[in-house]
Amino acid sequence: MSGTYDVVITGGGMSGMMAAIALADMGRRVAVVSKGDPVCCLSTGCIDVLAAGNNPLGGIGSLPDNHPYHLAGEDLVRISLEMFKAVMSEEGMAYAGDMHANRRILTPLGRHKITCLVPGTMKFANFHPDEYIHVISFNKMKDFYPNYITSNYKNAGCSIFDAGVSTTMSIAQRFENRRFLEGFISWLKGLDIPEGRIAIPAVIGMHSAADVCNEISVELGRKVFEIPTLPPSIPGLRLFGGLKNALLKRGVDLYWGKEIYSVEKSGNQIEAVTLAGDGRPTRVQGNAFILATGSFVSGGLHASMDTVRETVFNLPVYLPGRRESWFNNDFFAPGHAIENAGICVDKSFRPVDARVENLFVCGSILAFSEVMKYGCGHGMAIATGVAAANACGEPV
Ligand SMILES: Cc1cc2nc3c(=O)[nH]c(=O)nc-3n(C[C@H](O)[C@H](O)[C@H](O)COP(=O)(O)OP(=O)(O)OC[C@H]3O[C@@H](n4cnc5c(N)ncnc54)[C@H](O)[C@@H]3O)c2cc1C
């Protein structure tokens with residue numbers, strides 16, 4: 001593609017993809033550059049908005065003043081989540097859930113995850129301690145532990161189906177086959193399952209999971225729901241596939257598997273990024289740029305022994321004190337101080353102290369997001385992605 005894009009987005013995660021959808025819907029010419037697949041592929045596919053407390057949207061006001069949700073504002077958080085739901089519905093993967101009420105869904109370890117919006121296949125996964133559930137597992141299946149569920153959750157039984165394969169991906173692919181699905185349903189019908197809901201690990205298909213779930217439910221006359229498995233997760237891959245498809249439908253150009261190796265600037269303006277790849281380097285030129293490269297897991301931030309750096313534009317990074325005050329061997333420990341590290345932005349999502357006017361930042365690379373502490377991963381990425389798109393998509 002030649003010419004100048006209205007906006008070039010670096011990073012194809014939840015925040016970058018939602019920013020691209022919002023901009024394309026405003027009629028902008030958009031490119032997304034991403035060196036790899038995002039963290040959402042590892043996620044449960046559920047949208048955590050704010051897991052601390054019962055009312056995710058209503059709870060935003062009680063977050064610390066510097067939390068990025070405040071930059072978007074409660075109204076825009078709601079609008080962006082509605083936009084997300086509409087996009088996923090268009091893709092045949094409708095999400096369920098109320099932004100004012102968290103749900104507690106069953107995990108493969110027999111515990112509960114607090115989340116807000118769930119794929120349609122998990123809409124009946126809410127925790128009801130008194131109701132019997134029958135867990136279906138698959139012979140030798142990896143990353144799913146029905147015994148943990150039945151020992152933690154006393155009101156549960158379990159049956160095991162032999163799918164002939166054992167990885168989550170291979171079982172999910174089998175469910176795309178009509179004969180396999182019919183065989184599975186007829187096996188289920190032959191079981192003497194007591195009244196109650198039927199829980200199946202999240203492998204009942206790739207793109208057609210919602211239809212498969214519905215068909216099993218109708219055939220059995222029972223409520224059926226999926227339990228997310230450990231990463232890599234099929235619902236996370238479905239979510240990513242749905243959003244990527246929405247970008248392609250909107251004519252967004254994707255430069256996937258490409259890493260930026262140089263940035264061209266003129267005064268306070270970024271003019272282009274150059275991408276490494278096979279053959280000649282590709283120059284992608286834009287009027288505005290959005291940085292959405294994620295935090296440490298995706299490589300948007302990189303920590304060395306003495307500092308943390310932002311890897312594309314070399315922006316100043318906020319750090320919560322000296323290394324000894326943020327270092328902790330357990331990266332996923334809730335409340336880990338390093339979760340505060342990131343890029344500080346002003347009200348229009350421009351990086352502060354960076355001497356650049358046409359760059360906007362969104363997603364988990366933002367300072368003070370504390371995604372694990374507050375349980376706001378995808379929710380914060382969606383809201384700040386749309387907010388950054390609004391900030392840079394205004395007609396000039
Ligand atoms: C294991 C795990 C499970 C999670 N589960 C959940 C969950 O169930 N629900 C929930 O709400 N949240 C969950 N989260 C949190 C949530 O996934 C993230 O907070 C959110 O999706 C981050 O989105 P993002 O767009 O900021 O960044 P990312 O998803 O990290 O995407 C950044 C993208 O930028 C690209 N990139 C990085 N550097 C460059 C570069 N130099 N050039 C080009 N591209 C680059 C990367 O390849 C990547 O595609 C989970 C997080 C983890 C780690």
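The magnitude of the dipole of the chain, with charges of +1 and -1 set on the Cβ of Lys/Arg and Asp/Glu and taken from the Cα centre, is near 480 debye. Counted by neighbouring Cβ atoms within 10 Å, the residues TYR95, TYR374, TYR145, TYR261 run from fewest to most as TYR261, TYR145, TYR95, TYR374.
Find the all-direction average of the projected area of the Cα convex hull for segment 91-138, expressing the result in square nanometres with one decimal place. Could the numbers behind the result be given before it?
Numbers: hull surface 17.7 nm².
In nm², the orientation-averaged hull projection of segment 91-138 is 4.4.
A straight chain from ASN55 to ALA96 at 0.36 nm per residue would run longer than the Cα-Cα distance by 13.2 nm.
With Cβ to Cβ distances under 13 Å as the rule, what net charge do the other residues near ASN55 carry (K, R +1; D, E -1)? Let's see the in-between values first.
On the way: positive: ARG78, ARG103; negative: GLU74, ASP98.
Neighbourhood net charge equals 0.
In this structure, the residue pairs whose Cα-Cα separation is over 26 Å, taken from LYS85/LYS265; LYS223/LYS244; LYS258/LYS347; LYS154/LYS223, are LYS85/LYS265; LYS223/LYS244; LYS258/LYS347. Computed over neighbours whose Cβ is under 14 Å from that of MET83, the net charge equals -2, Lys and Arg +1, Asp and Glu -1. In whole Å, how far is the Cα centre of segment 182-207 from that of segment 320-392? So the two Cα centres are separated by 41 Å. The simple spin-label model puts a point 7 Å past each Cα toward its Cβ; for SER89 and ILE160 those points are separated by 4.2 nm.
Diffusion coefficient of segment 149-259 by Stokes-Einstein, Kirkwood radius over Cα pairs, 4 °C, 1.567 mPa s: 82 µm²/s. Our compactness index for segment 54-99, the C-alpha radius of gyration over the empirical 2.2 N^0.38 Å, is 1.31.
Can you give the extra length, in nm with one decimal, that the chain gains between ASN245 and ARG179 once fully stretched, where that is 0.36 nm per residue apart less the Cα-Cα distance?
Details: separation 66, 0.36 × 66 = 23.76 nm, distance 2.73 nm.
So the chain would gain 21.0 nm between ASN245 and ARG179.
Here the alpha carbons of segment 71-172 define both size measures, Rg and Dmax, at 16.7, 50 Å.
Beyond 13 Å, what share of the Cα-Cα pairs of segment 274-326 remains, rounded to the nearest whole percent?
Numbers: 955 of 1378 pairs.
Of all Cα-Cα pairs in segment 274-326, 69 percent lie more than 13 Å apart.
The gain in end-to-end length when the ARG323 to ARG222 segment is fully stretched comes to 31.0 nm, 0.36 nm per residue minus the alpha carbon separation.
Using +1 at the C-beta of Lys and Arg and -1 at the C-beta of Asp and Glu, which of LEU248, TRP187, ALA51 has the Cα lying farthest in the positive direction of the dipole of the chain? Going by the Cα projections, it comes out as TRP187. Taking the inverse of the mean 1/r over every pair of distinct Cα atoms in the chain gives a Kirkwood hydrodynamic radius of 22.0 Å.
Model label sites at SER266 and SER186, defined 7 Å from Cα along the beta-carbon direction, differ in position by 6.9 nm. Per-residue packing, averaged as other Cβ atoms within 10 Å, sorts the ranges 211-221, 375-385 into the order 375-385, 211-221, beginning with the highest. The reciprocal of the average 1/r between distinct C-alpha atoms defines the Kirkwood hydrodynamic radius, which for segment 188-227 equals 10.5 Å.
What percent does the relative contact order of the chain come to when contacts are Cα pairs within less than 8 Å and at least six residues apart? Reported as a whole number, the value is 25 percent.
Can you tally the net charge around LEU220? Count Lys and Arg as +1, Asp and Glu as -1, for every other residue whose Cβ sits under 11 Å from the Cβ of LEU220.
Values: positive: LYS189, ARG197, ARG222, LYS223; negative: GLU215, GLU219.
Net charge in that neighbourhood comes out at +2.
Read the figures in this text as sums done on the coordinates, not as results from a lab. Nothing here was measured: the structure is a model prediction, and the numbers come from that model. FYI the Cβ positions are ideal-geometry reconstructions off the backbone, even for glycines, and counts take in every protein chain you see.
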